[in-house]
Each structure stands twice: as C-alpha cells, then as structure tokens.
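The structure appears right after this line, and notes come after that.
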Amino acid sequence: MLESKVQEAWRVLRIQSELVDGTDKLLKLGLAVSVFGGARLDEGNRYYRQAQELGKLLGEERIPVITGGGPGIMEGANRGCFTTPTPSVGLNIDLPFEQAPNPYQDIALDFRYFFVRKYLFVKHAVGFVIFPGGFGTLDELFEALTLVQTRKVEAFPIVLVGVSFWAGLVDWMKERMLTEGCLSESELNLIEIVDDAADAAKIILRHIRMREAVVANLP
C-alpha cells in the first residue's frame, strides 16, 4: 500500500514536470493554430497536401502551427510551416502504434500524459483546424467545441476541412442533436466547414485581424 502511494506521488510530480517544461518551452510562441487529423493519411492523400498547404500559408503569415507531432496530417501541417521562418511545433506523445515524431518540427516536445498535451494545444490557440481523422481527431474537435461553448476559453474558429468527410456528422448533429434540443443553433454555428486550405487560412486570419483590432482599441 505504501509503495502504491509513493508511486502516485511521483506520478503527480511527473505531471507537474511535463506541465512546467511544456509551458516554459512555448512561452515565447505567441498566438498559434493547432492542426489535427489522421496519422494514417500519408503524403499521397489529398488531405495531407491540404494540411501542408495550410501550414505554409499560416507560416508565411508568421502564425506558428502546433500539431501532435506524428505522421499523416500532423506531418503535412508541420512540413508546410517548416519551410517558412515561423516555428513548426510538435507535441509528441508515446503511443503503442502510429506515433513516430515527424522530422518537420522546430520545437519538439514529448509527453506521457494526454491531458497536459491537450492543455498546451489550447493555451496558444487562436484557431483549431481539423482534417479527417479517427477517434483522436474527434476527441480534439469535441473538446474544443465544449471549451468554447462553456466559455472556458476565449472563442476561436473551429474549422473542419473536407466537406464530403464531415457533412454526414454535421447533418446528424442538425437532425438529431439540434432537433432533440441537445444543442442550440448558435452552438452548432461554432463549426465552420471548408473544402481547402486557403479557405481555412482565410477564416483564421480574419479572426486574428479582428482580435488585433479589438485589442488596439482597448483603453
């Protein structure tokens, strides 16, 4: 029993260490966009190419890109940003499969705990761009929606790329969740769907410009 309690105490310290180290290393990053999507979509996939284009477009505007640091969509977004002077960031995590760090990271952090990593995805975010993916991608999508919905974070754009991929999910949310009173129209409007990287970048940049204008006019 004593050994178990000691292990729990050390776990708390490891969590604290990850949080402090990650926060410190991203302290000067500033505003950034977190990009999510499937690890299984390689460079031959059109969404990989779109993610790469998005990373490049944002990087050229001096907006850092943060991903989970792995292959697939994450690699594409990091790869695009890596070609610009703007930091390309990967928040890597140890998983039993699929998660191998991609080589396009100016800043690469390693995590053991999902929730510390999730915190850092949100901390600097002025937008989430979400490409097709699996359970992990959906997890990030709905966490972002919940945080914005409950006003636990300052509202930011949540952009889905790939109309044909996401349309069924959004239609179901309208037909079931909205109809059954589980969501309001305004909450459903937190999601924006586009079909290419350029449109996603425009939404993010418009939000940043509006944010900057508000800050500039503060007394």
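Report the residue count in the stretch 125-152 for those that are more than 22 Å from Leu29 (Cβ to Cβ), touching a helix residue (DSSP H, G or I) at 6+ places or on another chain (Cβ under 7 Å) and in a helix (DSSP H, G or I). Spell out how you get there, then give the answer.
Quick first cut of the stretch 125-152, residues more than 22 Å from Leu29 (Cβ to Cβ) only: 132-139, 141-142, 145-146, 149-151.
If we keep only those that are touching a helix residue (DSSP H, G or I) at 6+ places or on another chain (Cβ under 7 Å) as well, we get 132-133, 149.
Now drop any that are not in a helix (DSSP H, G or I), which leaves 149.
Result for the stretch 125-152: 1.
Please verify whether Ile93 is among the hydrophobic types (A, V, I, L, M, F, W, C), out of contact with any Ser or Thr (no Cβ under 9 Å at 6 or more places or on another chain), more than 21 Å from Ile158 (Cβ to Cβ) and touching a residue at least 12 places away in the same chain (Cβ under 8 Å), treating the condition exactly as stated.
Values: among the hydrophobic types (A, V, I, L, M, F, W, C): yes; out of contact with any Ser or Thr (no Cβ under 9 Å at 6 or more places or on another chain): yes; more than 21 Å from Ile158 (Cβ to Cβ): yes; touching a residue at least 12 places away in the same chain (Cβ under 8 Å): yes.
It is true that Ile93 is among the hydrophobic types (A, V, I, L, M, F, W, C), out of contact with any Ser or Thr (no Cβ under 9 Å at 6 or more places or on another chain), more than 21 Å from Ile158 (Cβ to Cβ) and touching a residue at least 12 places away in the same chain (Cβ under 8 Å).
Would you point out which residue out of Gly55, Gly22, Gly37 is in contact with a helix residue (DSSP H, G or I) (Cβ under 8 Å, 6 or more places away or on another chain), free of Cβ contacts under 8 Å to residues at least 60 places away in the same chain and surrounded by 14 or more Cβ atoms within 10 Å (Cβ to Cβ)?
Values: Gly22 fails: free of Cβ contacts under 8 Å to residues at least 60 places away in the same chain; Gly37 fails: free of Cβ contacts under 8 Å to residues at least 60 places away in the same chain.
So the residue among Gly55, Gly22, Gly37 that is in contact with a helix residue (DSSP H, G or I) (Cβ under 8 Å, 6 or more places away or on another chain), free of Cβ contacts under 8 Å to residues at least 60 places away in the same chain and surrounded by 14 or more Cβ atoms within 10 Å (Cβ to Cβ) is Gly55.
Among the listed residues Pro85, Pro64, identify the single one that is surrounded by fewer than 24 Cβ atoms within 10 Å (Cβ to Cβ), within 24 Å of Phe114 (Cβ to Cβ), at pLDDT 95 or above and not acidic (Asp, Glu). Full working, then the answer.
Values: Pro85 fails: within 24 Å of Phe114 (Cβ to Cβ).
It is Pro64.
The values are calculated or read from the model by the stated rules, or taken from the named source; none is laboratory data. What you are looking at is a predicted structure, and each value in this text was computed from that prediction instead of being measured. Cβ coordinates were reconstructed from backbone atoms using ideal geometry, including for glycine residues, and neighbour counts include every protein chain displayed.
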